[in-house]
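Please read the structure below before turning to the comments.
Throughout, read-outs are computed from the coordinates displayed, never taken from laboratory work. Quantities reported herein were computed from a predicted structural model and do not represent experimental measurements. Quick reminder, even Gly has a Cβ in these numbers, built from the backbone with ideal geometry, and neighbours come from all protein chains shown.
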Amino acid sequence: MYESYYGFSERPFQLSPDPRFFFATKHHQRALSYLQYGLDQKEGFIVITGPIGTGKTTIARNLMSNISDADIVAAQLVTTKLNPDELLELVIAEFKIQYDGDSKADMLHAIEKFLISLHEQGKRALLLVDEAQNLPSETVEELRMLSNFQLDNQPLIQSFLLGQEELKCIIQAPNMEQFRQRIIASAHLQPLSVDEVKNYINYRIHQAGYEKGDLFSEKAFELIHEKTLGVPRKINIFVDRILLFGFLEELDNIDINAINTVAEEMGIELTGSLNSNVESIASASNSNGQVVVNSTENVENIKEVLREVEDILESSIKQKIKMARYVDKLLKQKNKQYAEANITEQKSNKG
C-alpha cells in the first residue's frame, strides 16, 4: 500500500522472518555466535531462549540460509506438543528418510541407517528445533538419545533448541541432568534498547530501498520503544501501521504526533488490556460459572470492558474510513495516469 509512496521496493516490516532483513543486536549476535560455535564443535546441544517476538525464529532462518558447509544436512522442526514417537516421525519426514515399519524400534533403525549413510559420505545431520518450549521433557530426552548415535567417536546428529523462557524450566528439572550435561552453550535474547530500535528500523527501511532523508524523528524512536517495549515483532506490527497512516495522511516525516495517533488506534493490540480485564472478570465467576456482579469492583471491570469494546469499534470505523480514502486516492492516481497516457497517445497520433 505505502511502498511506492515512500520509495520502498517491498514492505520492510513484514511479520514473516526474512534473513535479508535480519538485524543482529549484541544479544542476537551472541546467539548466532554460539550456534556457529556449536557447528564448529560438531557435537552437543545449543539452547537459545527468549520472550515471544524477540527473534528466535528469525535467527533460525538466518542460520539455515547461511550454512555454507555442504557437509551439513539440516532440517528445521517447528514443534507442537509432540510425544517421543511423534518427534521421531517428524524427524523421519523432515530428513525424507525411507521408512518401513510400524514400531519405535523400526523408526530408530531407519534414522540410524540414514545417519550412518551420511557419515559414509562425509556428512552429518543438524536438527534445528524451534518453539522447543512445547516439547514435554520426555521428548527432549528423546533428542538426547538421538545424540547417542555415533561412529568413530563422532556424533552423527546434532540438535539446536530455540524456545520461549519456559524451555529453561524444562531443562532445569531434576530429571534432565543428563541433557544439561550435553549443552555446550546457551544464550537468552532480550528486547531491543532505544538505540537498537532506531538502528533496527533504519536498517530495515534502507534494506527495502529507502534512500531519502530521515523518515523518523529522534523522539519517534524513543516513543516506538516505549509503545512496543523493544520487542521486534511488536515493532514490525506497529511501524507497519505507522507507515500506512503516514501514507494515508501524506506525511513525508513521521513524528511523535503520528505515532501517538496510531498508538491510540492500536492500544488494545499493543497492550492486550482488554484480555486482562476479561480475565479479571472471569476470575470473579462463582463455582457455577456465573459472573458475580454484585461488587463495585466487578461492576467497574465490566464497564471498563464495555468502554474498550466501544473503543475497538470506533477504531475499526476509523480504519475503514482511512481505507476508503486510500482506495479513493488510488483511483485518482489511476485516472491521472490514464489521462496522461491518453494525452501522450493523442500527441503521438498527431505527430
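Length gained on full extension, Asn66 to Arg144, computed as 0.36 nm times the residue gap minus the Cα-Cα distance: 25.5 nm.
Ranked by the mean number of other Cβ atoms within 10 Å per residue, highest first, peptides 205-212, 28-35 order as 28-35, 205-212. Coupling constants for segment 219-229 follow from the phi torsions by the Karplus curve (6.51 cos²θ - 1.76 cosθ + 1.60, θ = phi - 60°), and in residue order they are 5, 4, 5, 4, 6, 4, 4, 5, 6, 9, 6 Hz; glycine and proline get x.
Summing Lys and Arg as +1 and Asp and Glu as -1 over all other residues whose Cβ lies under 15 Å from the Cβ of Glu10 gives a net charge of -1.
Segment His206..Gln346, full-extension length gain: 46.4 nm, with 0.36 nm per residue of separation and the alpha-carbon distance subtracted. List the aspartates and glutamates whose Cα sits under 17 Å from the Cα of Lys56, skipping any in the same chain fewer than 8 residues away. Straight-line reach from Lys56, under 17 Å: Asp18, Asp130, Glu131, Glu165, Glu166, Glu196.
Could you sort out which of Lys81/Lys104; Lys212/Lys329; Lys113/Lys168 sit more than 21 Å apart by Cα distance in this structure?
Long pairs (Cα-Cα over 21 Å): Lys212/Lys329; Lys113/Lys168.
Among beta bridges identified by DSSP and lying wholly in segment 1-156, the antiparallel ones come to about 20 percent.
Other residues whose C-beta falls under 13 angstrom from the C-beta of Glu138 contribute a net charge of -1, scoring Lys and Arg +1 and Asp and Glu -1.
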